[in-house]
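Report on the following structure.
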Amino acid sequence: MTLAQLEYIVALDNFRHFVTAAESCDVSQPNLTTQVKKLEQEIGVKIFDRDTKPLQPTVAGNLILLKARKILLEVSELKEFVLTEKESLEGEFTLGVIPTISPYLLPLFLPEFVNTNPHTKLKIREMQTAEIIHELQRGTLDIGLLATPLEEKTIREIPLFYEPFLLYLPENHPFLKRNHIIPAMLDANQILVLDEGHCFRDQILSICDSKSTKNNFGFEFQSGSIESLKRLVDKGVGYTLVPEMAVMDKEESKFLRRFDAPEPVREISLAVTKSFTKNVLIHAMRKSILLSIPERFQKEEQYKMINWK
C-alpha cells in the first residue's frame, strides 16, 4: 500500500471516472487503473463496483476511502508542519566556533543577529576544528564557524569570506621599514605559533613553508590565544602572523605589514551536516556576518587561500 495508491482511489471516488481521475493525479489512465487493482488485490477487498454507471464505492470501499482521506490529510498536515519548521527561526541552536575566530567575529555580528532574530537562541561554544567536525557528525552540534575546506564527505560548507594573514612585528623590527612582505622572508624559527591542534598554526607553517618551528627564545609556550602571542611580540620576542580581524585596532597598525599580492588568506565558512534542513538559519547567520565584516574580505580573486590540511 502506497500513498500514491490512496491518492488514486480518492481521486476516483471524487470524479467517478477513470480518465478524469487519472488526469487530476497527472498519471496515465492505465497506470491509475493498474494501481487501484493492485491495492484491491493486496488488501483483499473490492473498493469500487465497476458494474454500476457511474462506478460506485462498495460498502467496504466507503470505509477504506474514509480512512484513506484521513491518512492523506494527516500526511498533508505533516508536510506543512515540516515546511514551517524548516522556515522557522524559533528555538535553540548550538554553534561551535574556533578560538581564532570567536573573540573577533562574534562581537561584530552577534548584536545584529540577535536584534534581527529575537526568537532564536544561540548556544555558542569555543571548540577546536576536530571537535566541531566530530560533534557535527554526532548530531550534538548544529552549526560550525571555522576555517575551511574541511574535506569531510558528510559535511556541507558555506563559504563566508576570505580573511588576510598579516605579519605582527615588535617595535623597531627591520621588516617595519618595508611596505610589504613576501613569505620567503620569514624565518620559521622566529615565528610564535599557536599550540598543536589549531588549524591557524598549520596555516602559518604552510605560509612559511615549514612543518615545525625550533625557536631559540629559551622557553616553549603552548597557547591557544593569539592575544598572548601578540603581547610576547610587543616585548620583543620574535614575531607572529595574525588574522586581520584580530588587529583592527588602529593603535596596532604601525606594527603590521601586509604580504605582497596575492595576499595569503584563510577561508572562513559555516559548516553543517548534509542532512541539516534549517537553511533559513544558515541564510540569516550568513547575512549578519557579511554585514559586519569589511567588504574586501569577500573578494576571493585578490587572495591566495591557505589550506590547513
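The values are calculated or read from the model by the stated rules, or taken from the named source; none is laboratory data. On a predicted model such as this, the values are computed, not experimentally measured, just so you know. When we count neighbours, we look across all protein chains shown, and the Cβ atoms used for this are built from the backbone with ideal geometry, even at glycine.
Scanning region 239-255 for residues that are under 18 Å from Phe200 (Cα atoms) and over 32 Å from the mean Cα position of the chain (by Cα) yields a single hit, Tyr239. When Leu105, Leu141, Leu65 are checked against the criterion of being at pLDDT 90 or above and assigned to a loop (DSSP other than H, G, I, E, B), Leu141 stands alone in meeting it.
On the basis of being part of a helix (DSSP H, G or I), in contact (Cβ under 8 Å) with a residue 12 or more places away in the chain and of a type outside the set (Phe, Trp, Tyr), does Leu73 make the cut? Taking the combined requirement at face value, the residue does not satisfy it. Within region 59-76, is even one residue polar (S, T, N, Q), surrounded by 12 or more Cβ atoms within 10 Å (Cβ to Cβ) and not assigned by TED's automatic domain parsing to the domain that holds Thr120? Looking for residues that are polar (S, T, N, Q), surrounded by 12 or more Cβ atoms within 10 Å (Cβ to Cβ) and not assigned by TED's automatic domain parsing to the domain that holds Thr120, one finds at least one in region 59-76, hence yes.
Residues being of a type in the set (S, T, N, Q), out of contact with any Lys or Arg (no Cβ under 7 Å at 6 or more places or on another chain) and part of a loop (DSSP other than H, G, I, E, B) are represented in region 122-129 by at least one member. In region 243-292, of all residues being in a helix (DSSP H, G or I), of a type in the set (D, E, K, R) and at pLDDT 90 or above, the one that is farthest from Val193 (Cα to Cα) corresponds to Lys287.
Considering each of Lys46, Lys53, Lys79 in turn, give the residue that is closer than 30 Å to Leu270 by Cβ and among the basic types (Lys, Arg). Selected residue: Lys79, the only one of Lys46, Lys53, Lys79 that is closer than 30 Å to Leu270 by Cβ and among the basic types (Lys, Arg).
Report whether or not Phe175 is modelled with pLDDT of 90 or more and in contact with a Leu (Cβ under 8 Å, 6 or more places away or on another chain). In short, yes. Among the helices (runs of 4 or more DSSP H) confined to region 1-44, the ones with at least 2 residues that are under 15 Å from Thr58 (Cα atoms) and not polar (S, T, N, Q) are located at 3-15, 29-43.
Quick check, is Thr120 modelled with pLDDT under 90 and not aromatic (Phe, Trp, Tyr)? Taking the combined requirement at face value, the residue satisfies it.
Could you please let me know if Glu7 is of a type in the set (D, E, K, R), more than 30 Å from Glu163 (Cβ to Cβ), surrounded by 15 or more Cβ atoms within 10 Å (Cβ to Cβ) and within 44 Å of the chain's Cα centre (by Cα)? The answer is yes for Glu7.
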